[in-house]
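The values are calculated or read from the model by the stated rules, or taken from the named source; none is laboratory data. Just so you know, these numbers come straight off a predicted model, no measurement behind them. Don't worry about glycine lacking a Cβ; one is built from the backbone with ideal geometry, like all the others, and counts go over all protein chains shown. Calculation scope for accessible area: heavy atoms of the full protein, side chains included, ligands and nucleic acids excluded. Shrake-Rupley method; radii C 1.70, N 1.55, O 1.52, S 1.80 Å.
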Amino acid sequence: MSIDPAINAEPVLRQRLRIPVHLGVIMDGNGRWAKARGKMRTEGHIEGVKSLRNLVELSINYGIAHLTVFSFSSENWTRPKDEVAFIFNLLRRFVASDLQRLIRNNVRVRIIGSRAGLEPSLIRLIDDVEAKTVDNTGLVLVIAFNYGGKAEITDATRKIAVEVAAGRLKPEDITEATVEAALYTSGLPDPDLIIRTSGEQRISNFLLWQAAYSEFVFVDENWPDFDESSFVRVLEIFSRRDRRFGGIEAQTS
Ligand code: IPE
Ligand code: IPE
Ligand code: MG
């Protein structure tokens with residue numbers, strides 16, 4: 001893919017692009033990237049982590065406030081055991097190797113998803129990275145790991161039911177804000193833009209509630225090939241979208 005070299009100029013870019021406040025990314029196509037090169041799927045996942053590092057840097061440089069990346073879904077447990085174990089190890093290694101850099105870059109890390117079924121040592125690692133970055137004020141990096149939108153809404157429903165059963169909440173007092181507060185993403189704005197790589201055009205259980213009014217951009221590149229030119233091209237597409245939120249006039253954000 002080629003882009004107009006003129007838009008590489010920073011100030012021009014800034015004027016032209018609308019920057020999402022919250023960007024969601026379904027990082028798909030690691031396996032196909034590897035297969036196309038005669039490599040093992042695991043090599044695709046390793047390249048995928050490099051692409052994630054690059055995306056974090058791009059998000060900081062372009063002034064994105066919140067970035068949520070889908071890195072392991074609750075349905076990905078159906079993959080071969082070895083692949084699942086490899087992806088889990090990659091998360092551990094990413095956290096261990098990148099923690100200092102994330103701290104230096106003022107990134108706050110939040111990991112969303114179900115903790116049920118995760119090993120205690122992994123849970124400790126997740127808690128540790130969240131605690132060590134909690135005071136950072138720059139990019140909020142949300143890693144959706146062992147995450148499923150249906151599981152999230154189910155968990156939220158259970159939390160609310162407990163409150164009702166205990167007499168602390170009346171059913172008639174349940175509002176959208178009550179549900180939002182019970183989701184893993186509580187306190188985060190909804191994503192204004194969701195990108196999915198690899199040519200697939202589906203949501204695959206990512207941020208079901210939060211994506212109610214997100215713009216979607218699907219790109220053909222597999223995740224390891226998603227680079228700055230892909231990123232800029234997506235932001236250009238997003239900048240031209242007319243967001244109406246059910247109304248009749250274009251809204252700017
Ligand atoms: C995305 O790449 C990473 C995860 C889902 C963990 P895939 O592993 O889904 O790659 P494809 O879709 O098989 O090419
Ligand atoms: C979605 O990709 C999940 C992640 C990117 C982590 P999948 O590869 O699991 O999605 P499907 O199975 O093609 O819908
Ligand atoms: Mg896939």
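Using the structure shown, decide if Ser51 is within 25 Å of Leu118 (Cβ to Cβ) and buried (at least 21 other Cβ atoms within 10 Å of the Cβ). Yes; evaluated as a whole, the condition is true for this residue. Taking region 193-212 as the range and being within 13 Å of ligand 1 (Cβ to nearest atom) and in contact with an Asp or Glu (Cβ under 8 Å, 6 or more places away or on another chain) as the test, the residues that pass are Arg196, Thr197, Ser198, Gly199, Glu200, Ser204, Asn205. Restricting to region 97-142, and then to whatever is over 17 Å from His66 (Cα atoms) and in contact with a Phe, Trp or Tyr (Cβ under 9 Å, 6 or more places away or on another chain), can you tell me which residue is modelled with the lowest pLDDT? Among those that are over 17 Å from His66 (Cα atoms) and in contact with a Phe, Trp or Tyr (Cβ under 9 Å, 6 or more places away or on another chain), it is Gly117. Among the residues of region 70-115, the ones that are assigned to a helix (DSSP H, G or I) and more than 13 Å from ligand 2 (Cβ to nearest atom) come to 18 in all. When region 216-238 is filtered for residues that are in contact with a helix residue (DSSP H, G or I) (Cβ under 8 Å, 6 or more places away or on another chain), away from ligand 1 (no atom under 16 Å from the Cβ) and open to solvent by 30 Å² or more (accessible area, probe 1.4 Å), the ones remaining, listed by number, are Asp227, Glu228, Glu236.
Among residues belonging to region 202-215 that are open to solvent by 20 Å² or more (accessible area, probe 1.4 Å) and in contact (Cβ under 8 Å) with a residue 12 or more places away in the chain, point out the one that is farthest from ligand 2 (Cβ to nearest atom). My answer is Tyr213.
Among the criteria (1) assigned to a strand (DSSP E or B); (2) without any contact (Cβ under 8 Å) to a residue 60 or more places away in the chain, the one Ile194 does not fulfil is (2).
Please work out if Ala65 is under 27 Å from Leu183 (Cβ atoms), exposed (fewer than 12 other Cβ atoms within 10 Å of the Cβ) and more than 11 Å from ligand 1 (Cβ to nearest atom).
no
Scanning region 16-49 for residues that are away from ligand 1 (no atom under 11 Å from the Cβ), part of a loop (DSSP other than H, G, I, E, B) and not β-branched (Val, Ile, Thr) yields Leu17, Arg18, Pro20, Arg37, Gly38, Lys39, Met40.
Quick one: what pairs do we get from region 80-107, first residue on the phi > 0 side of the Ramachandran plot, second open to solvent by less than 20 Å² (accessible area, probe 1.4 Å), C-beta under 9 Å, 6+ apart or different chains? Pairs that qualify, where the first residue is on the phi > 0 side of the Ramachandran plot and the partner is open to solvent by less than 20 Å² (accessible area, probe 1.4 Å), are Asn106/Thr133; Asn106/Leu139. Taken over region 116-140, residues that are out of contact with any Ser or Thr (no Cβ under 6 Å at 6 or more places or on another chain), surrounded by 14 or more Cβ atoms within 10 Å (Cβ to Cβ) and in a loop (DSSP other than H, G, I, E, B) amount to 3.
One residue stands out among those in region 177-201 that are within 16 Å of ligand 3 (Cβ to nearest atom) and over 15 Å from the mean Cα position of the chain (by Cα): the one that is most open to solvent (accessible area, probe 1.4 Å), which is Gln201.
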